[in-house]
Amino acid sequence: MSKGITLCLIIVGLINFVPVVGVLSAQELQGAYDVALSSNDLIILMRHRALLFGIFGGFILFSAFVPSYQAAAMVMAGISMVGFAVLVHSVGGFNASINKVLIVDYVGIVLLSIAAFFKYGVGRS
């Protein structure tokens, strides 16, 4: 089961790490989310968001191989992904690129659920 947990966390870690490419340029961010970054302030905030996702994804990837960090990584990733889904649905009117991110986050939520079941599920002591 530990291989299943590791695999799930690697995939979830990569899902969260990939946005780090947005640190490189505003064009990367605009392409990824299909949004117009109309001010330097917004560019700074979005690039910082990309940096934080890189750190966050890196932590999840690290936890895939260090079991003592897995619970924290699973909780943080779950809150982030479920939180994004709630925000998307509560605001509505989102574009196709945001919808793709939402679908990928749904995949991540399922993988986190599987990893949590393997780690803490029925029959575990």
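Remarks
- Couplings for the stretch 20-34, taken from phi via the Karplus curve 6.51 cos²θ - 1.76 cosθ + 1.60 with θ = phi - 60°, read 4, 4, x, 5, 5, 6, 5, 4, 4, 5, 4, x, 5, 10, 6 Hz in order; Gly and Pro are left as x.
- When Rg and the Kirkwood Rh are both derived from Cα coordinates, the Rg/Rh ratio for the stretch 21-82 amounts to 1.10.
- Accessible area of the chain divided out per residue, in Å², using a probe of 1.4 angstrom: 59
- Our coupling estimate for the stretch 55-64, obtained by passing each phi through the Karplus curve with A = 6.51, B = -1.76, C = 1.60 and θ = phi - 60°, is 5, 4, x, x, 5, 5, 4, 4, 5, 4 Hz, Gly and Pro reported as x.
- Normalising the average separation of contacting C-alpha pairs (under 8 angstrom, six or more residues apart) by the number of residues puts the relative contact order of the chain at 39 percent.
- Result for the chain in a Gaussian network model with C-alpha springs under 10 Å: among F62, F94, F53, the largest mean-square fluctuation is at F94.
- Shown here: the chain, whose C-alpha atoms stretch 53, 28, 17 Å along the first, second and third principal axes, sorted largest to smallest.
- Cleavage-rule hits (trypsin sites (Lys or Arg not before Pro)) in the stretch 65-125: DSSP loop, at most 13 neighbouring Cβ within 10 angstrom: R124
- Gaussian network model of the chain, springs between alpha carbon atoms under 10 Å - residue of S63, S25, S80 with greatest fluctuation: S25
- Coordinate range along principal axes, alpha carbons of the stretch 54-123, Å, largest first: 41, 29, 15
- When the Gaussian network model of the chain links Cα atoms closer than 10 Å, the mean-square fluctuations of G31, G108, G93 top out at G93.
- The portion of the accessible surface of the stretch 4-125 made up by carbon and sulfur, rounded to a whole percent, is 73 (1.4 Å probe; DNA, RNA and ligands excluded).
The values are calculated or read from the model by the stated rules, or taken from the named source; none is laboratory data. If you're wondering where the values come from, they're calculated on a predicted model, not measured in any experiment. A quick note on method: Cβ atoms are made from the backbone with ideal geometry, for glycine too, and the neighbour counts reach across all protein chains shown. With ligands, DNA and RNA removed, areas are computed over all heavy atoms of the protein, side chains included. Shrake-Rupley method; radii C 1.70, N 1.55, O 1.52, S 1.80 Å.
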